[in-house]
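The values are calculated or read from the model by the stated rules, or taken from the named source; none is laboratory data. Quick caveat, the model's predicted, so the values are computed rather than measured. Here the Cβ positions follow ideal geometry from the backbone for every residue, glycine too, while neighbour counts run over all protein chains shown. These area figures cover heavy atoms from the full protein model, side chains too; ligands, DNA and RNA do not enter into them. Shrake-Rupley method; radii C 1.70, N 1.55, O 1.52, S 1.80 Å.
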Amino acid sequence: MTARIIDGKATAAAERERIAADTAELAAKDIVPGLAAILVGDDPASHVYVGQKERMCERVGMTSHGVRLPADVTQDELHDEIDRLNADPAVSGIIVQMPLPSHLDSVTAQERVDPLKDVDGLHPDNAGRLLRGDPRFVPATPLGCQVLLRTAGVTINGARVVIIGRSQLVGRPLAMLLTLRGDAANATVTICHTGTRNLIDHTRAADIVVVATGVQGTLTADMVTPGVTVIDVGINRREDGTLTGDVDFAGVSDVAGAITPVPGGVGPMTVTMLLHNTLLAARLQAGMA
């Protein structure tokens, strides 16, 4: 393997130290950031994710407000719970854990969250601010990708970036984020997807490739040129239970200049950037940002 490993665990740990220090400063002024995670139903993976977020909150000195609702909760009851959290001054940020049961509308639930507490960055107000170049809350995974690139010393300014995947959680907001003005942005970005013809022509022209498709083996060694930086957002489970990303790690590592592993790459950054957004939300609500 020739590629340098971009260590998400180490970067996330350093970011959490910063967040903990800033949280302690706020707490000294009687402002304690609090994150409320709404979990509907009994999806095992969702329980794991929410539990992890709640534990991380406590580690950096934030309060955690876990909300558990039954799988048969109605849309109105879910909205009532969101309204309650919107009005609670102890709650700085609110997330509605996905997926929701099929009878619930996730879009309207997300739109119900106060934009100043929307630490997922999915409310139309926050998505629109990012689009116009005035971001408030950036979705955690795209923000984590940017921080990984910056702390790894990868040149983003002027780089040719190819993002494979156009989801509202990763692909679209990351493209907007990396095209903003600034040293850790200002890139030329191409979004590729299932309708893209000759994907290899795009990836081989890129300085940075970000893969977020949820499909193993999306990016292989023949699709990249020597020295490229590869960010693998995907998390897939093999038949033997081990985790892998969307990138053929073994093959691409022999060509790339730098690459994120799975696990241990983007994953640890996502929860950490959610804490970053919660801290920002507390500052905004206190008139300090």
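For Arg136, the criteria (1) crowded, with 22+ Cβ neighbours inside 10 Å; (2) under 22 Å from Arg18 (Cβ atoms) hold in every case but one, which is (1).
Would you confirm, using the coordinates I've provided, whether Thr220 is surrounded by fewer than 16 Cβ atoms within 10 Å (Cβ to Cβ) and touching a residue at least 12 places away in the same chain (Cβ under 8 Å)? Yes: the conditions hold for Thr220. Considering the conditions (1) in contact with a Lys or Arg (Cβ under 7 Å, 6 or more places away or on another chain); (2) of a type outside the set (Ser, Thr, Tyr); (3) modelled with pLDDT of 95 or more, Leu243 is excluded by exactly one of them, (3).
The set of residues in segment 155-165 being surrounded by 18 or more Cβ atoms within 10 Å (Cβ to Cβ) and in contact with a Ser or Thr (Cβ under 9 Å, 6 or more places away or on another chain) consists of Ala159, Val161, Val162, Ile163, Ile164, Gly165. Just give me the residues in segment 110-133 being open to solvent by 60 Å² or more (accessible area, probe 1.4 Å) and among the basic types (Lys, Arg), in sequence order. Within segment 110-133, Arg112, Arg132 meet the criteria.
So that you can scan it fast, the table gives a plain yes or no per residue for (1) touching a residue at least 60 places away in the same chain (Cβ under 8 Å); (2) more than 29 Å from Val255 (Cβ to Cβ); (3) in contact with a helix residue (DSSP H, G or I) (Cβ under 8 Å, 6 or more places away or on another chain):
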{"position": "Gly121", "(1), (2), (3)": "yes, yes, yes"}
{"position": "Leu148", "(1), (2), (3)": "yes, no, yes"}
{"position": "Thr155", "(1), (2), (3)": "no, no, no"}
{"position": "Ala175", "(1), (2), (3)": "no, no, no"}
{"position": "Leu178", "(1), (2), (3)": "no, no, yes"}
{"position": "Val210", "(1), (2), (3)": "yes, no, yes"}
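Among (1) surrounded by 21 or more Cβ atoms within 10 Å (Cβ to Cβ); (2) closer than 30 Å to Ile5 by Cβ; (3) of a type in the set (S, T, N, Q), where does Thr151 come up short? Looking at each condition in turn, Thr151 falls short on (1).
Screening Pro142 with (1) assigned to a helix (DSSP H, G or I); (2) touching a strand residue (DSSP E or B) at 6+ places or on another chain (Cβ under 8 Å); (3) within 20 Å of Ile6 (Cβ to Cβ) gives one miss only, at (2). If the condition is being surrounded by 14 or more Cβ atoms within 10 Å (Cβ to Cβ), of a type in the set (Asp, Glu) and over 15 Å from Ala212 (Cβ atoms), then segment 237-251 contributes only Asp248. Val262 fulfils the conditions (1) touching an Asp or Glu at 6+ places or on another chain (Cβ under 8 Å); (2) of a type in the set (A, V, I, L, M, F, W, C); (3) surrounded by fewer than 19 Cβ atoms within 10 Å (Cβ to Cβ) except for a single criterion, (3).
If the condition is being in contact with a Phe, Trp or Tyr (Cβ under 9 Å, 6 or more places away or on another chain) and part of a loop (DSSP other than H, G, I, E, B), then segment 104-121 contributes Val119, Asp120, Gly121.
Each residue in segment 269-289 was checked for being open to solvent by 40 Å² or more (accessible area, probe 1.4 Å), part of a helix (DSSP H, G or I) and either modelled with pLDDT under 95 or not polar (S, T, N, Q) (or both), and 4 of them qualify.
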